[in-house]
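The values are calculated or read from the model by the stated rules, or taken from the named source; none is laboratory data. Predicted, not measured: the structure shown is a model, and the values here were computed from it. Here the Cβ is made from the backbone with ideal geometry for all residues, glycine too, and neighbour counts use every protein chain on show. SASA here: full protein model, heavy atoms, side chains in, ligands and nucleic acids out. Shrake-Rupley method; radii C 1.70, N 1.55, O 1.52, S 1.80 Å.
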Amino acid sequence: MLNILVTHGKKHFSFALIVLGAGCFFLSNILFKIVFNEVEYGKYSIIMTYLSLIYILGLLGLEQIFLRYSFQKKTNIITTQKFQLQLIFWIILIIPFFGVYCFKNYFLDVYINIFLLYFASLAMVALLFIFNILRLNTNYVIAQFISNFWRFSLLIIAVIAFVYKKILFIYIINAILISTIFIFIVALIYCQKKIKFVFDQDVSKKDLLFTAFQFFISISTFSFLLFGDRFLVEYKFSVEEFGNYFYLTNFFLAPFSIFQNYIGFKQLISFKKQFSFRTLEQLNRKILILGCLLGLFLYGFSYIINFYKFLNFDFERYTLVIFLLIIMGIVRLYSASINSAFEAKTNIRSLQKANLIFIFIAILIMSATFFLDLLEQVVVCIILIWLMRCLIMKKILLKQFKDA
C-alpha cells in the first residue's frame with residue numbers, strides 16, 4: 001500500500017507543484033489587495049498580466065515547433081535542429097525589447113525600471129523554452145518547479161510587504177522582477193549542465209519557418225483569449241476596476257487553470273505518442289463533470305467568504321460576473337484536452353484552416369465589445385470566443401482523421 005502511494009505521489013508530484021504555485025499566486029494577490037491601495041493594486045495587476053502574457057507569447061509559438069520536431073533520443077539527450085535553437089536564441093533576445101516598448105508606451109501611468117523590466121521579460125521568455133526542454137526530457141517535476149518558482153517568491157514578497165507595511169510600491173515590484181531573473185539564471189545553469197542536444201536535418205528551414213508562423217498565429221489567438229478580457233476592461237473602464245477584475249479572475253479562474261495547465265502539460269506529450277478520438281471523448285466527459293463540481297464549490301465558497309466578511313472585497317457586487325467567470329472556467333477546462341490533441345496531431349493545412357476560421361469569428365465577436373458598456377457583456381463575448389475556438393479545433397481535427 002505504501003509503495004502504491006509513493007508511486008502515485010511521484011507520478012503526480014508535478015501536479016502538486018502546479019497547485020502549490022497557483023495557491024501561492026492566489027494568496028499573494030489577497031495579501032497585496034490588503035497592502036496596496038486601489039490604484040497601486042490596479043498597477044500591480046497590469047504588471048502581473050504583462051509578465052504572464054510575455055511568458056506565454058514571448059517565444060512566438062516556437063516552443064510548439066520545438067515540441068513537434070524535437071525528440072528525446074534518450075535520457076538527457078534531445079534531438080533537434082540547429083536552426084531551431086539559433087532562431088529561439090535571437091527571439092529570446094529581441095522580443096523583450098518590443099515588450100518593454102509596448103508596456104512603456106501603453107501603460108503611461110505605471111512607472112517601472114526599464115532595465116529590470118527588460119531582463120525580467122527576457123527571463124520569462126527564456127523560462128518558457130527551458131520549461132519545454134525539461135518537459136520533453138520528461139523532467140516534469142523540475143519543469144514545474146522552474147515554471148512556478150516566481151509564484152513561490154511572489155508569496156514570500158507579499159508576506160514581507162504585509163508584515164512591513166511601509167515598504168514602497170516600487171520596491172515590491174523591483175523585488176518581483178529580480179526574483180524572475182534569479183530563477184532564470186539558476187534554470188539556465190541547470191539545463192546547460194544536464195541536457196545535451198544532438199542535431200539532425202529532418203526538417204527544412206522553410207518548413208520550420210512556415211510552421212512557426214502558423215503556430216505564432218495560433219498562440220497569439222490563445223494569448224488573446226487568456227488576457228484579452230483584461231485589456232478590454234483596462235481600456236473601457238478604470239485602473240481600479242481592472243484591479244477588481246484581476247482579483248476576481250484569479251479567485252475564480254485560477255482553480256480551473258490549475259487543471260487546465262496540468263491536462264495540457266501531460267496530455268500533449270501523451271497524445272503525441274498515442275491518440276484516439278474515443279480516448280479524447282472519455283477524457284472530455286470526465287473534465288466536464290470536474291468543471292461543474294469545481295464551479296459549484298467555488299460559488300459556494302465565495303458566498304461563505306462574503307457572508308462572514310473574511311476578505312475586504314464585496315463579492316455580492318459582482319454576482320453575475322462571478323457566475324460568468326465560472327462558465328468561462330468550465331469552457332476553458334473543457335478546451336484543455338482538445339487543445340492538446342490539436343497541437344499534437346494537427347497537420348499544417350488543418351492548422352491554417354483553424355486559424356483563418358477562428359480569426360474571422362473572433363473579429364466579428366470582438367467588434368461587438370466596442371459597443372458594450374457593461375463588464376458582464378465583455379465576459380460573455382470572451383466566453384463565446386473560447387467556445388468557438390474549442391469547437392473549431394475539435395471539428396477540424398476530426399475531419400482531418402476522417403480524410404486520412
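Among the residues that make up segment 194-205, is at least one of them assigned to a helix (DSSP H, G or I), out of contact with any Leu (no Cβ under 7 Å at 6 or more places or on another chain) and not basic (Lys, Arg)? Give the steps one after another, and end with the answer.
Filtering segment 194-205 for residues assigned to a helix (DSSP H, G or I) gives 194, 205.
Adding the requirement that they be out of contact with any Leu (no Cβ under 7 Å at 6 or more places or on another chain) leaves 194, 205.
Now drop any that are not not basic (Lys, Arg), which leaves none.
No: zero hits.
Let's see how each residue does on (1) modelled with pLDDT of 85 or more; (2) open to solvent by 60 Å² or more (accessible area, probe 1.4 Å):
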residue: 311; (1), (2): no, no
residue: 315; (1), (2): yes, no
residue: 320; (1), (2): yes, yes
residue: 325; (1), (2): yes, no
residue: 331; (1), (2): yes, no
residue: 339; (1), (2): yes, no
residue: 353; (1), (2): yes, yes
Counted residues, segment 362-400 - those being within 23 Å of residue 211 (Cβ to Cβ), open to solvent by less than 70 Å² (accessible area, probe 1.4 Å) and without any contact (Cβ under 8 Å) to a residue 60 or more places away in the chain:
7
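Confirm whether residue 376 is assigned by the TED database to the domain that holds residue 258, farther than 30 Å from residue 247 by Cα and among the acidic types (Asp, Glu).
Working: assigned by the TED database to the domain that holds residue 258: yes; farther than 30 Å from residue 247 by Cα: no; among the acidic types (Asp, Glu): yes.
Considered against the rule, which asks whether it is assigned by the TED database to the domain that holds residue 258, farther than 30 Å from residue 247 by Cα and among the acidic types (Asp, Glu), residue 376 comes out as no.
Yes or no, residue by residue, for (1) surrounded by 17 or more Cβ atoms within 10 Å (Cβ to Cβ); (2) at pLDDT below 80:
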| site | (1), (2) |
| --- | --- |
| 228 | yes, yes |
| 233 | yes, no |
| 241 | no, no |
| 248 | yes, no |
| 259 | yes, no |
| 268 | yes, yes |
| 272 | yes, yes |
| 287 | yes, no |
Exactly one condition in (1) in the same structural domain as residue 388 (by the TED database); (2) open to solvent by 30 Å² or more (accessible area, probe 1.4 Å); (3) closer than 21 Å to residue 72 by Cα is not met by residue 198; state its number.
(1)
Leading residue by the ranking (farthest from the chain's Cα centre (by Cα)) among those in segment 157-191 that are over 20 Å from residue 119 (Cβ atoms) and buried (at least 19 other Cβ atoms within 10 Å of the Cβ):
161
Which pairs turn up if I take residues in segment 266-288 that are under 27 Å from residue 131 (Cα atoms) and look for partners that are surrounded by fewer than 19 Cβ atoms within 10 Å (Cβ to Cβ) with beta carbon separation below 6 Å, at least 6 apart in sequence or on another chain?
275/345
